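A.B. asks: First, the structure itself, so that you have it in front of you.
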Amino acid sequence: MGTDNGEERSEVPLICFTTLSPAAVGASLFALPIGGGAAVAAVVALMVTAGMLASIAHLARPLRAPRSLAHLGGSWLSREILVVSAFWALAVLWLVCELGGFPWSTAARGFHVAAIVVGVVLLWVIARAYRVHGQPAWDGSDTFWELVAIALGSGGAI
């Protein structure tokens, strides 16, 4: 993909986002039966943070990233930014509560479950954002299931 000045941009940051975010969702899911924990919450928060930073690096004009939220009504990319931000916030709140100890354990569990729910929505929103008519390999339901496979495979490994 070209930039405004005709230079080619690397797709590596986009690949990082598309791999790390679903993996973070999967790690959250697999951590639920074992009660979460600060270590898993930290890994999830770090992975989604790295994915978000990578996606910002993919933009032609990163300083304009906040403006992309202005099109929530019609842009799946804008929705993707909103939902990944919500997932990140829940992961961070989950981590903070896990680090808080006993009185915060109920809140940690709540943020953990909320992160999983938002994370599953995130997989769907990413798949919708990737439905590009000019890319037949992405323009179908397979993209969602591939993201689910990343979440389950990578998340289980983590």
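The values are calculated or read from the model by the stated rules, or taken from the named source; none is laboratory data. Just so you know, these numbers come straight off a predicted model, no measurement behind them. When we count neighbours, we look across all protein chains shown, and the Cβ atoms used for this are built from the backbone with ideal geometry, even at glycine. When the accessible area is computed, the model is the full protein with side chains, heavy atoms only, and any ligands, DNA or RNA have been set aside. Shrake-Rupley method; radii C 1.70, N 1.55, O 1.52, S 1.80 Å.
A.B. asks: Please work out if residue 129 is at pLDDT below 95 and surrounded by 13 or more Cβ atoms within 10 Å (Cβ to Cβ). Spell out the reasoning first.
C.D. replies: Working: at pLDDT below 95: yes; surrounded by 13 or more Cβ atoms within 10 Å (Cβ to Cβ): yes.
So residue 129 passes the test.
A.B. asks: Let me ask another. For the range 103-126, how many residues are open to solvent by 40 Å² or more (accessible area, probe 1.4 Å), farther than 15 Å from residue 36 by Cα and modelled with pLDDT of 90 or more?
C.D. replies: 3
A.B. asks: Moving to a separate point now. I'm told residue 89 meets every condition in (1) among the hydrophobic types (A, V, I, L, M, F, W, C); (2) within 17 Å of residue 52 (Cα to Cα); (3) surrounded by fewer than 15 Cβ atoms within 10 Å (Cβ to Cβ) except one. Can you identify the failing condition by its number?
C.D. replies: Every listed condition holds for residue 89 apart from (3).
A.B. asks: Output the qualifying pairs, or none if there are none: Cβ atoms under 6 angstrom, residues six or more apart or on different chains, first residue in the range 139-156 and closer than 19 Å to residue 16 by Cβ, second residue open to solvent by 20 Å² or more (accessible area, probe 1.4 Å) and part of a loop (DSSP other than H, G, I, E, B).
C.D. replies: Close Cβ pairs (under 6 Å, with a partner that is open to solvent by 20 Å² or more (accessible area, probe 1.4 Å) and part of a loop (DSSP other than H, G, I, E, B)) amount to 143/130.
A.B. asks: State which residue pairs qualify: first residue more than 15 Å from residue 22 (Cα to Cα) and hydroxyl-bearing (Ser, Thr, Tyr) and inside the range 39-60, second residue open to solvent by 40 Å² or more (accessible area, probe 1.4 Å) and not in a helix (DSSP H, G or I) in any location, beta carbons under 8 Å apart, and separation of 6 or more residues or different chains.
C.D. replies: The qualifying pairs do not exist here.
A.B. asks: If only one of 83, 44, 25, 48 is touching a Gly at 6+ places or on another chain (Cβ under 6 Å) and either open to solvent by less than 30 Å² (accessible area, probe 1.4 Å) or part of a helix (DSSP H, G or I) (or both), which one is it?
C.D. replies: Values: 83 fails: touching a Gly at 6+ places or on another chain (Cβ under 6 Å); 44 fails: touching a Gly at 6+ places or on another chain (Cβ under 6 Å); 48 fails: touching a Gly at 6+ places or on another chain (Cβ under 6 Å).
Step by step, each of 83, 44, 25, 48 is checked, and only 25 is touching a Gly at 6+ places or on another chain (Cβ under 6 Å) and either open to solvent by less than 30 Å² (accessible area, probe 1.4 Å) or part of a helix (DSSP H, G or I) (or both).
A.B. asks: Is it the case that some residue within the range 71-79 is assigned to a helix (DSSP H, G or I) and either β-branched (Val, Ile, Thr) or out of contact with any helix residue (DSSP H, G or I) (no Cβ under 7 Å at 6 or more places or on another chain) (or both)? Walk me through it before giving the result.
C.D. replies: Of the residues in the range 71-79, the ones assigned to a helix (DSSP H, G or I) are 71, 76-79.
Filter once more, so that each one left must be either β-branched (Val, Ile, Thr) or out of contact with any helix residue (DSSP H, G or I) (no Cβ under 7 Å at 6 or more places or on another chain) (or both): none.
Checked the range 71-79: no residue is assigned to a helix (DSSP H, G or I) and either β-branched (Val, Ile, Thr) or out of contact with any helix residue (DSSP H, G or I) (no Cβ under 7 Å at 6 or more places or on another chain) (or both).
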